[in-house]
1. Under 10 Å from the Cβ of residue 22, count the other residues' Cβ atoms, weight Lys and Arg +1, Asp and Glu -1, and hand me the total.
2. Compare the peptides 150-157, 52-59 by average per-residue count of other Cβ atoms within 10 angstrom and give them in order, highest first.
3. What are the lysines whose alpha-carbon lies under 18 Å from the alpha-carbon of residue 112, with same-chain residues fewer than 8 places away excluded?
4. Under 30 Å Cα-Cα from residue 156, which lysines qualify once same-chain neighbours fewer than 8 residues away are excluded?
5. Ranked by accessible surface with a 1.4 Å probe, highest first, in what order do 195, 19 come?
6. Sorted by packing (mean other beta-carbon atoms within 10 Å per residue), highest first, where do 137-143, 34-40 land?
Amino acid sequence: QSPRLPLTWPALTAQLIDVSDDFSVYCERRDEVSAALAKGEYSDLTPCQRVEVLAWLADRALQSERLRDHLDRRAEFAAAKRRDRAALVEQEDKAAAALHSARFRLQELLGKMIGSASSRGRPRAAAAKEGKESEAEMRATIAEHEAAVAKYRRLKLDTDEILDNVALRADLLGTDRHGRTYRQLGGRSSGSLLVQSPVSLAGSAASWEA
């Protein structure tokens, strides 16, 4: 990296703006911004214009091959994590269903134990012992299912946290007649669409809408 870059980057950016047609999508006052940067006076730009220049430079950086390769790998990683999450949801549902069934069987057993205790046809001590053993086994099964449900929920939350922090690419899909730019976040299979509205006549910064 050249030590002169902190001093020369505004002028270099102005030259890039002059030969780039897409800058007008981000900023309507193209000549004004270019002239200020050409003189090296970044401080002359309004806060909104600085945001517009930053957004434009960031989007150009996203088109570099190295960064796109990195984001492609991140998109594949995110897709794999989404599949993992779907599997965790399925496993959690199965464990929750098994837990519900085990609790229901336990309630049935407790009801039978109460009925056996009041009956006269079978020795109460033997019935009570057998019932207590079955109850202990069912409660152990319930504890296993509860631990499984808690594990799958914890893993699902961990996966959600990973997905929330994955850097994803925003593929340009096109621009409509109103100047709105459409981008697909995280690859075309993610289902996340971002709409970038054009700047207003007052020069306000572009906004992003999900």
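The values are calculated or read from the model by the stated rules, or taken from the named source; none is laboratory data. Note that the structure is a prediction, hence the values are computed from the model and not measured. Backbone-built Cβ (ideal geometry, glycine too); neighbour counts: all protein chains shown. These area figures cover heavy atoms from the full protein model, side chains too; ligands, DNA and RNA do not enter into them. Shrake-Rupley method; radii C 1.70, N 1.55, O 1.52, S 1.80 Å.
1. Net charge around residue 22: -1.
2. Details: 150-157: 14.6, 52-59: 17.6.
Descending packing order for the listed peptides: 52-59, 150-157.
3. In chain and number order, the partners are 129, 132.
4. Counting by Cα, and skipping residues close in sequence, residue 156 has these lysines nearby: 81, 94.
5. Heavy-atom accessible area, descending, gives 19, 195.
6. 34-40, 137-143
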